[in-house]
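Remarks on the structure that follows.
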Amino acid sequence: GAVVSQHPSRVICKSGTSVKIECRSLDFQATTMFWYRQFPKQSLMLMATSNEGSKATYEQGVEKDKFLINHASLTLSTLTVTSAHPEDSSFYICSAPRIAGGYNEQFFGPGTRLTVL
Amino acid sequence: GENVEQHPSTLSVQEGDSAVIKCTYSDSASNYFPWYKQELGKRPQLIIDIRSNVGEKKDQRIAVTLNKTAKHFSLHITETQPEDSAVYFCAASGNTNAGKSTFGDGTTLTVKP
């Protein structure tokens, strides 16, 4: 299957700092990538759709200025949590779809555990 | 847009018993239905999937059935083992909407030894 990497896997930062998370599709091109946030014992919550070469599409209730997304190439999307606060602590996961034969399969990154002190 | 409902939210079974998790979807254009297993702190792992041109698929102890008319699909795990304990998510997607998948809320499966 296709491989999606995510970096860093874990980050601890002080309140008020910004944190950048990278998502890479290693062996296929992804014009679209998705960013999710997952709180303990909850489902994946889609935050935004990252679009290569254009603006990201944010889900309702997700602050655009808080969660900056850049999709600069066909293999890299970044999520920057700006001025992070303890309530931003969560597990962030990216995914990239690969459409084959008319079917859309999702490939997930390993996730990033963000802890804001 | 697509809406996926998953039941039950928690499921506890005795080792060796079967477990069944059910999902319904709303968009008739959805044509791909994967199931993921997620262990604590890790990414969702695809365990089985089914495409809309198939009614049933089996892989060892795991099977998935799809009823397109009723818009529901189910995950069946037989001879459950303690290592099957995890959170399971269903999802639905089509070949439009920029590749977006819609996930169910998850089922926490506990297999008691």
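The values are calculated or read from the model by the stated rules, or taken from the named source; none is laboratory data. Only a predicted model underlies this, so the values are computations on that prediction, with no experimental measurement involved. Every residue, glycine among them, receives a Cβ derived from its backbone with ideal geometry; neighbour counts consider all protein chains shown. Note: accessible area is taken over every heavy atom of the protein model, side chains too, but ligands, DNA and RNA are not part of it. Shrake-Rupley method; radii C 1.70, N 1.55, O 1.52, S 1.80 Å.
Things to note:
- Segment A:R10-A:S54, extension gain: residue separation times 0.36 nm, minus the distance between their alpha carbons: 13.0 nm
- Accessible surface of chain B, 1.4 Å probe, proportion on carbon and sulfur as whole %: 45
- At R0 = 41 Å, FRET efficiency that the Cβ-Cβ distance of A:D65 and A:A2 yields, to 0.05: 0.80
- The magnitude of the dipole of chain B, with charges of +1 and -1 set on the Cβ of Lys/Arg and Asp/Glu and taken from the Cα centre, is near 280 debye.
- Added length on full extension, which subtracts the Cα-Cα distance from 0.36 nm per residue, B:K42 to B:S9: 10.0 nm
- When only alpha carbons are used to place a centre, the stretch A:32-69 and the stretch B:16-77 end up 25 Å from one another.
- Each Lys and Arg adds +1 at its Cβ and each Asp and Glu adds -1 at its Cβ; summed about the Cα centre, the stretch A:1-68 shows a dipole of about 300 debye.
- Three semi-axes describe the equivalent ellipsoid of chain A; taken as square roots of 5 times the Cα gyration tensor eigenvalues and ordered largest first, they are 23, 14, 13 Å.
- By accessible area, using a 1.4 Å probe on protein heavy atoms only, the stretch A:38-111 has 51% of its surface on carbon and sulfur.
- Contour excess over end-to-end distance, with Cα ends at A:Q42 and A:D27 and 0.36 nm allotted per residue: 2.4 nm
- Pairwise alpha-carbon distances in the protein assembly as shown exceed 25 Å for 41% of all pairs.
- Charge-dipole axis of the stretch B:1-107 as Lys and Arg at +1 and Asp and Glu at -1 on Cβ define it, positive-most pick from B:V87, B:V20, B:P44: B:P44
- All alpha carbon pair distances within the stretch B:1-100 were sorted into 5 Å bins beginning at 0; the resulting P(r) in whole percents reads 3, 12, 25, 24, 19, 11, 5, 1, 0.
- Under 30 Å from the Cα of A:K20 - lysines, other chains or at least 8 residues apart: A:K41, A:K55, A:K64, A:K66, B:K37, B:K42, B:K100
- Taking 4.7 Å between beta carbons as the limit, the unpaired Cys residues of chain A are A:C13.
- Share of pairwise Cα separations in the stretch A:60-117, more than 17 Å, in percent: 52
- Residues in the stretch B:39-113 average 51 Å² of solvent-accessible surface per residue, probe 1.4 Å, ligands and nucleic acids excluded.
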